[in-house]
Amino acid sequence: MKTTKRTLLRVMTALGLSTALPGLAQADELTLCWAAWDPANALVELSKDFTAQSGTQMKFEFVPWPNFADRILNELNSGGKLCDLLIGDSQWIGGSAENGYYVKLNDFFDKEGIKMSDFAEAAVNAYSTWPKGSPNYWALPAMGDANAWFYRKDWFSKPEIQAEFKEKTGRDLAPPTTWDELLETAKFFNGKEIDGKKVYGAAIFTERASEGITMGATQALYPYGFKYENTTGKYDMEGAVNSDGAVKGLEAYKDLYKCCTPPGYTDAYMGETLDAFKSGQAAMAMNWFAFFPGLAKDENVGGDKIGFFVNPKETTAASTLGGQGISVVANTDNMDGALAYIKWFAQPEVQKKWWQLGGYAVHDAVLNDPSFKDSQPFAADFLVAMNQVQDFWQEPSYAILLQAMQKRLHDFVVADQGTAKDALDGLVKDWTEILEDEGKL
């Protein structure tokens, strides 16, 4: 497969704060671009404080997730001026840095006393740095996130179900801590009648077009030992991408899909997974922490009916990274105003309110607060997940790398083509060709 940067770019397509913001000119108006989802609504509320103290009016361009990458990456590539600030996916940072779409923030951080050491290390590496892990900052961590799980706590607590599970498995029914337990629990619930309705074991990601099945399957691949490289930065993928453990992980994900998902569940991502759980079809489901505040408050499945758990381990503990950093778009006509927003957002008190409103702050002032673990029913799991996250490639060619993985995984898991070893061997071949064309190999 031959690729070029031109081809790639076509493919990627209640607390008032009074802290002053001296030293930076204020814009009359700023536009912040992000995906359209619950945290974006929380950011609108939070940003009212910035407007109150700066006089800058905030506009927002929120794009539905299925169209987000195409819409915003096309905007960046075309030199458009829609976005002054952008909360872009972690995978975009390599291409956005190398193509000059984002402002490098090191000098600004130094001048304003903004320390990356005040944020969770994993979040800084994933959301802010390029090359990954280097002290070159292109974003401020904005929205920590990881893929995790939720379950019908009310079903798990039924005495008759607990007794049946104990008799069948020899262990107590509880949120699974390993993938073996996850599969066993899903198979137990699958096809069972609860409250007069047939239910299914688990709702997971199977979507083909964008990133869904990759973000879901890596929840199994990572715990079984899948890696992108044997040596970081060397692109030596043979024996890492297709290791014996990675093969077992992919087989486990297919097993979960085949045994225990709702009918017709061949192209499901965030929305479909939430719908399956909210409609009472699934005993367990995966999705991003970003949706957990809304789930916890849901009239039908929230409150005492729902529980949460971090991604089960196998040979290692790992979770698939989500989340984003906030960047200043290099093409903005409102540079000082955009930087002023970054400075404001980085303040510990703003970060604390961000968490209170439903955003996922990763500032140490929030995460290290003794009350944090008890602040939400999923807060303790969020801390665990963010300390074990693993991320997809952040290469400028990430979109083509992702398309290759989407196809290989969907063909094996959903379309039932070939073996797990075939899929991962083929993926090594695909990625080798892409990275060779990019001059990385």
Could you say whether any residue in region 344-356 is modelled with pLDDT of 95 or more, open to solvent by 30 Å² or more (accessible area, probe 1.4 Å) and of a type in the set (Lys, Arg)?
-> yes
Quick check: anything in region 361-384 of a type in the set (Asp, Glu) and assigned by TED's automatic domain parsing to the domain that holds Arg152?
-> no
Quick check: is even one residue across region 66-85 among the aromatic types (Phe, Trp, Tyr), closer than 17 Å to Ala338 by Cα and either open to solvent by less than 60 Å² (accessible area, probe 1.4 Å) or at pLDDT 90 or above (or both)?
-> no
Being hydrophobic (A, V, I, L, M, F, W, C), part of a helix (DSSP H, G or I) and within 30 Å of Asn67 (Cα to Cα) is the filter here, so list the residues in region 384-414 that pass it.
-> Ala385, Met386, Ala399, Ile400, Leu401, Leu402, Ala404, Met405, Leu409, Phe412, Val413
Subset of region 327-356, residues aliphatic (A, V, I, L, M) and within 15 Å of Ala52 (Cβ to Cβ), comes to Ala340, Val350
Filter result (of a type in the set (Gly, Ala, Ser), more than 24 Å from Trp92 (Cβ to Cβ) and under 16 Å from the mean Cα position of the chain (by Cα)) within region 270-322 = Ala285
Being modelled with pLDDT of 95 or more and open to solvent by 30 Å² or more (accessible area, probe 1.4 Å) narrows Glu229, Glu207 down to just Glu229
Tell me, which strands (runs of 3 or more DSSP E) wholly within region 236-336 include 1 or more residues that are among the aromatic types (Phe, Trp, Tyr) and open to solvent by less than 50 Å² (accessible area, probe 1.4 Å)?
-> 282-288, 306-309
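The values are calculated or read from the model by the stated rules, or taken from the named source; none is laboratory data. Small disclaimer: the values here were computed from a predicted structure and weren't measured. Here Cβ is always computed from backbone atoms with ideal geometry, including for glycine, and neighbour counts include all displayed protein chains. SASA here: full protein model, heavy atoms, side chains in, ligands and nucleic acids out. Shrake-Rupley method; radii C 1.70, N 1.55, O 1.52, S 1.80 Å.
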